[in-house]
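Scroll down for the structure; my scribbles are underneath it.
The values are calculated or read from the model by the stated rules, or taken from the named source; none is laboratory data. In this text, all values refer to a predicted model and were calculated from it rather than measured experimentally. Note that we place each Cβ from the backbone using ideal geometry, even for glycine, and neighbour counts take in every protein chain shown.
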Amino acid sequence: MRFEWYPAVRDRDVHTTPKPRLGGAAMYIVVLAALFVASFIPFFDLVYFDVGRMWAIVGAATIIIVVGVVDDLVDLDWMTKLAGQLVAALLLAWQGVAIASLPIGGSLTVGSPAMSIAMTVLAVVLVMNAVNFIDGLDGLVAGVAIIANGVFLLYSYVLSEVAGQTGRFTLGALLSAIVVGVCLGFLPHNWNPSRMFMGDGGALLVGMLMATSAVSVTGEVDPRTISSEEFLPAFLPIIIPFAVLVVPLLDFSLAVFRRLLAGKSPFSADRKHLHHRLLDMGHTQRRAALVVYAWTAVIAVGALLGFSVQPPWIALAFVVIGGVICSLVTIAPISTRKRAERAAQRRAEAGETADVDDPLDRHGQERADDVRVASSPAVRRPHSPLARTRPPHPEDTE
């Protein structure tokens, strides 16, 4: 704030005072520090065995944070931002952080290198933009990322039991733990009322790490060790990050469709995101963020229970009950407003009026009377005896 490194408040922003958007730069430094410290932990020796893959993650994170921070300061055009995202995703895929197997024909099938790279780039860019699109409320991205990566981290341990992995300490688990730690540290500064924002740099960085942790797991699963009954649970890690991001992905899909239908760029900004609609319904910023948290938790935990708890109806019951509760909380402001409107209508029909002496209303009425008198023909004729039938108002001489 001292150096005024913050942009002006935009029309679509929900905050009213300028705030720094460079929280992503601090998050990037913490991510690098965490990766550096983890390289000295013996449990992660196998993760750091492929040095090129780790440097690709660092390089992709650097590209994303540079593009994001510059955009936070000078507002880059969407083509430049998309180009930076594509370069970062291609770097990851080129160094082996790519979707290596797909559930086809009842088994995990390794695709061609070209298909692997194409699907990896699409997945990484999609998740990055989905996360960035919901970055419109204090604490929203950080909270969703904590829930999503927390569930993914839990499942990464379950996966090692059935997917033929060599250990529980995988790249996906490491990146998920880092994202949870970074977001937990940043959330107190970003919780409403926030002191700073993570900006596009932070949101894109979180999305890139989430996508990387998901696609990396497919390369750590040995297709030869997966039976036809186990292939779906083994592929769940690539499903969970998208399942827990149903709200961001839904918001992203609706935004792209809405803007294309209007003849605009899919990356053009507007104020019609889901979190904006929650605010318009009557939710406060905190309550809107908690509503999205709740939906994310129900879907994420439900997906986890579906493959780790028997019988299956337990997971189904959790999702149904949680969905009903979340729906009631989501529409609660509308119900409250409708009850107030009906009560006001009943009072009006009963002829009840509230005669409250409001000084501002009384002064406004007096000024309206003065204007009407001043604009009458009697006032415009100075020699008329009716030209001054009232004492002059002090504001008439201004």
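Only residues that are part of a loop (DSSP other than H, G, I, E, B) and exposed (fewer than 12 other Cβ atoms within 10 Å of the Cβ): list them for segment 257-267, please. Walk me through it before giving the result.
Going through segment 257-267, the residues part of a loop (DSSP other than H, G, I, E, B) turn out to be 262-267.
Of everything in segment 257-267, those that are part of a loop (DSSP other than H, G, I, E, B) and exposed (fewer than 12 other Cβ atoms within 10 Å of the Cβ) turn out to be 262, 263.
Is it the case that segment 211-234 has a residue that's under 24 Å from residue 67 (Cα atoms), in contact with a Lys or Arg (Cβ under 9 Å, 6 or more places away or on another chain) and at pLDDT 70 or above?
The answer is yes; a qualifying residue exists.
Only one of the listed residues (205, 187, 249) is modelled with pLDDT of 85 or more, in contact with a helix residue (DSSP H, G or I) (Cβ under 6 Å, 6 or more places away or on another chain) and surrounded by fewer than 21 Cβ atoms within 10 Å (Cβ to Cβ). That residue is 187.
Could we say that residue 196 is modelled with pLDDT of 85 or more and in contact with a strand residue (DSSP E or B) (Cβ under 9 Å, 6 or more places away or on another chain) here? Lay out the reasoning, then the answer.
Values: modelled with pLDDT of 85 or more: yes; in contact with a strand residue (DSSP E or B) (Cβ under 9 Å, 6 or more places away or on another chain): no.
Against the criterion (modelled with pLDDT of 85 or more and in contact with a strand residue (DSSP E or B) (Cβ under 9 Å, 6 or more places away or on another chain)), residue 196 does not qualify.
Yes/no per residue for (1) hydrophobic (A, V, I, L, M, F, W, C); (2) more than 13 Å from residue 216 (Cβ to Cβ):
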position	(1), (2)
42	no, yes
46	yes, no
65	yes, yes
74	yes, yes
86	yes, yes
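Can you name the residue in segment 138-161 that is hydrophobic (A, V, I, L, M, F, W, C) and surrounded by fewer than 18 Cβ atoms within 10 Å (Cβ to Cβ) and, of all such residues, is modelled with the lowest pLDDT? Walk me through it before giving the result.
Here is the first cut: in segment 138-161, the residues hydrophobic (A, V, I, L, M, F, W, C) are 140-142, 144-148, 151-154, 158-159.
Those left that are additionally surrounded by fewer than 18 Cβ atoms within 10 Å (Cβ to Cβ): 154, 158.
Details: 154: 84, 158: 73.
This residue is 158.
Test residue 254 against the criterion of being closer than 19 Å to residue 141 by Cβ, in a helix (DSSP H, G or I) and touching a residue at least 60 places away in the same chain (Cβ under 8 Å), and give yes or no. Talk me through it step by step, then tell me what you get.
On the way: closer than 19 Å to residue 141 by Cβ: yes; in a helix (DSSP H, G or I): yes; touching a residue at least 60 places away in the same chain (Cβ under 8 Å): no.
So residue 254 does not fit the description; no.
Of the set (1) closer than 16 Å to residue 147 by Cβ; (2) of a type outside the set (Phe, Trp, Tyr); (3) not in a helix (DSSP H, G or I), all apply to residue 310 but (1).
Reported count of residues in segment 305-326, each being closer than 16 Å to residue 155 by Cα and either at pLDDT 90 or above or exposed (fewer than 12 other Cβ atoms within 10 Å of the Cβ) (or both), is 1.
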